[in-house]
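Some notes on the structure that comes next.
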Amino acid sequence: MTEPLLFELSTPGRRGYTLPALDVPASALPDDFAREDLPLPEVSEVEIVRHFTRLSQLNVGVDTVFYPLGSCTMKYNPKINDAAASLPGFTRLHPYQSERSVQGALRLMFELQEALGEIAGLPAVSLQPAAGAHGEFAGVWAYHQHRGDAARDKIVIPDSAHGTNPASAAMCGYDVVTVPSDAQGNTDLAALEALADDSVAGMMLTNPNTIGLFDENVVRAIEIVHNCGGLVYCDGANMNALLGTSKPGDLGFDILHYNLHKTFSTPHGGGGPGAGALAVTPALEMFLPTPLVVRRDDGSYGLDYDRPQSIGRVRAFYGNFGIMVRAYVYIRMMGADGLLQVSEDAVLNANYVLARLRDVYHLSLDRTCMHECVFTDERQVEYGVHTLDIAKRLIDFGYHPPTIYFPHIEHLIEGAIMIEPTETETKATLDGFVEVMRQIAREAAEDPDLLHNAPQNAPATRLDEVTAARKLRLRWTPQ
Ligand SMILES: *Cc1c(COP(=O)(O)O)cnc(C)c1O
């Protein structure tokens with residue numbers, strides 16, 4: 001018989017209890033990591049609960065404050081999607097179960113493929129890629145390799161692109177050629193024409209672009225690339241602005257990745273899980289990763305591995321299933337009208353902020369925006385106040401700072417302050433934020449040092465960013 005648990009717990013001398021030395025081989029840990037004793041504080045349950053509750057409140061999130069980083073980082077995600085994804089019938093599935101025993105999950109995946117194909121206007125869909133960047137890699141991979149078009153070794157990418165676009169193209173072995181933005185923030189068509197020859201495998205374009213603008217030249221730019229024999233890839237990370245209003249497939253795009261975790265409601269702050277579903281034209285369907293989820297003639301659902309031209313698997317098993325459940329529930333709950341309203345409200349909210357701040361903050365491109373508006377610090381620089389100071393001051397008012405210094409386009413946008421309110425914020429919330437931004441603009445003129453020393457009310461004040469970046473401390477050290 002084993003000793004009763006209570007007996008062990010009531011062993012005398014627990015005060016100042018120290019962990020026994022771990023029984024690991026000497027070689028398993030570097031000496032300075034291997035601690036003999038680790039003194040643990042003796043605290044009561046309420047003390048420990050209060051400690052962790054307090055720590056959790058030091059963190060800022062979309063559930064506590066307005067968070068203008070937007071869909072790209074974190075928009076409001078209906079809690080019911082999490083509840084659905086947590087249902088035991090989903091969480092307890094095993095990827096090696098027989099098709100017959102997972103018909104519900106396969107049906108969900110199949111219907112999600114169908115919905116995503118319809119929203120993009122690109123009907124063939126793979127749910128496999130695990131992030132936007134992963135979708136880019138899979139999407140750029142196959143076509144020209146398959147055709148043996150070795151002479152096509154270039155991918156054209158605008159200077160406003162997200163860094164993952166050139167990275168993905170380079171990882172697929174292509175040379176990246178940059179096409180500039182024109183003075184209106186659209187793809188510079190003359191520059192693109194000059195680049196377009198039979199060495200171009202394709203172009204990667206974000207629409208709306210990272211300046212938050214609908215590229216007015218998108219149709220013509222796609223034509224130019226098609227005319228020289230290339231394909232056009234749409235970085236669909238900004239689909240939050242386009243749902244139900246514009247289908248990338250109708251504009252002429254051949255391939256698109258969604259960031260399901262951005263547009264279709266999965267909490268993913270802090271680099272959490274992603275899903276970069278890929279949608280392509282029927283002509284490219286044969287290259288999609290295996291397996292695809294299919295509906296068989298008898299109405300059952302299955303996994304199709306019989307795809308000889310496929311680029312094969314791009315990850316273990318079938319994709320991030322929990323994110324698919326959230327995306328599916330979100331799309332089904334919203335319906336076509338709801339999704340249209342998501343984008344209309346997202347665009348309306350961004351334009352409201354733009355209209356209410358344009359007299360105090362500089363706009364490099366004074367146009368109607370899509371889901372985000374991009375100001376710069378140009379007017380505040382004359383007082384010695386920069387974008388970073390404005391962002392830090394927002395913390396004092398309880399707001400999470402927006403994305404700053406991105407996009408950076410030489411001679412067009414420097415010192416960017418990119419605000420993406422998203423569709424769920426009320427007018428009252430936006431008004432509160434706008435008033436604070438206006439106050440900060442006044443402070444910049446009257447008391448610049450207040451901004452230089454911000455944040456003043458946060459648990460951590462201004463960090464020495466240069467030292468932090470240059471002298472990384474990557475491990476815990478005792479005080
Ligand atoms: C987020 C984002 C990506 C990359 O997506 P991940 O899921 O983070 O890999 C690519 N392009 C744009 C425009 C993005 O916003």
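The values are calculated or read from the model by the stated rules, or taken from the named source; none is laboratory data. What you are looking at is a predicted structure, and each value in this text was computed from that prediction instead of being measured. Here Cβ is always computed from backbone atoms with ideal geometry, including for glycine, and neighbour counts include all displayed protein chains.
Scanning the range 228-253 for residues that are touching a Leu at 6+ places or on another chain (Cβ under 6 Å) and either within 11 Å of the ligand (Cβ to nearest atom) or not aliphatic (A, V, I, L, M) (or both), which turns out farthest from ALA151 (Cα to Cα)?
If we take residues in the range 228-253 being touching a Leu at 6+ places or on another chain (Cβ under 6 Å) and either within 11 Å of the ligand (Cβ to nearest atom) or not aliphatic (A, V, I, L, M) (or both), then GLY244 is farthest from ALA151 (Cα to Cα).
Scan the range 91-114 and report the pairs whose first residue is in contact (Cβ under 8 Å) with a residue 40 or more places away in the chain and whose second residue is among the acidic types (Asp, Glu), with Cβ atoms within less than 7 Å and a gap of 6+ or a chain change.
Here the result reads LEU106/GLU99, each pair linking the range 91-114 to a residue that is among the acidic types (Asp, Glu).
Pull up the range 264-295, narrow it to residues that are modelled with pLDDT of 95 or more and of a type in the set (Val, Ile, Thr), then point me to the one that is farthest from the ligand (Cβ to nearest atom).
VAL294
In the list ASP175, ASP188, ASP159, which residue meets the criterion of being at pLDDT below 95 and over 30 Å from LEU340 (Cβ atoms)?
Going through ASP175, ASP188, ASP159 in turn, the sole match is ASP159.
Could you list, in sequence order, all residues of the range 181-213 that are under 26 Å from ASP149 (Cα atoms) and in a loop (DSSP other than H, G, I, E, B)?
ALA196, ASP197, ASP198, SER199
Can you name the residue in the range 192-212 that is out of contact with any Asp or Glu (no Cβ under 8 Å at 6 or more places or on another chain), more than 16 Å from the ligand (Cβ to nearest atom) and among the aliphatic types (A, V, I, L, M) and, of all such residues, is nearest to GLU410 (Cα to Cα)?
LEU192
Just the residues that are at pLDDT below 90, in a loop (DSSP other than H, G, I, E, B) and among the small types (Gly, Ala, Ser), please, taken from the range 40-91.
GLY61
Tell me the helices (runs of 4 or more DSSP H) entirely within the range 371-470 that contain at least 3 residues that are surrounded by fewer than 17 Cβ atoms within 10 Å (Cβ to Cβ).
Numbers: elements: 378-381, 387-396, 427-446, 448-452, 465-470.
Those helices (runs of 4 or more DSSP H) span 378-381, 427-446, 448-452, 465-470.
Which ones in the range 134-149 are within 16 Å of the ligand (Cβ to nearest atom) and either without any contact (Cβ under 8 Å) to a residue 40 or more places away in the chain or among the aliphatic types (A, V, I, L, M) (or both)? Spell out how you get there, then give the answer.
Pass one, the range 134-149, residues within 16 Å of the ligand (Cβ to nearest atom): 134-141.
Residues satisfying the conditions are ALA138, VAL140.
Among the residues of the range 130-148, which ones are outside any helix (DSSP H, G or I) and in contact with a Gly (Cβ under 8 Å, 6 or more places away or on another chain)?
Scanning the range 130-148 gives ALA130, ALA131.
Could you count how many residues in the range 296-332 are crowded, with 16+ Cβ neighbours inside 10 Å and charged (D, E, K, R)?
2
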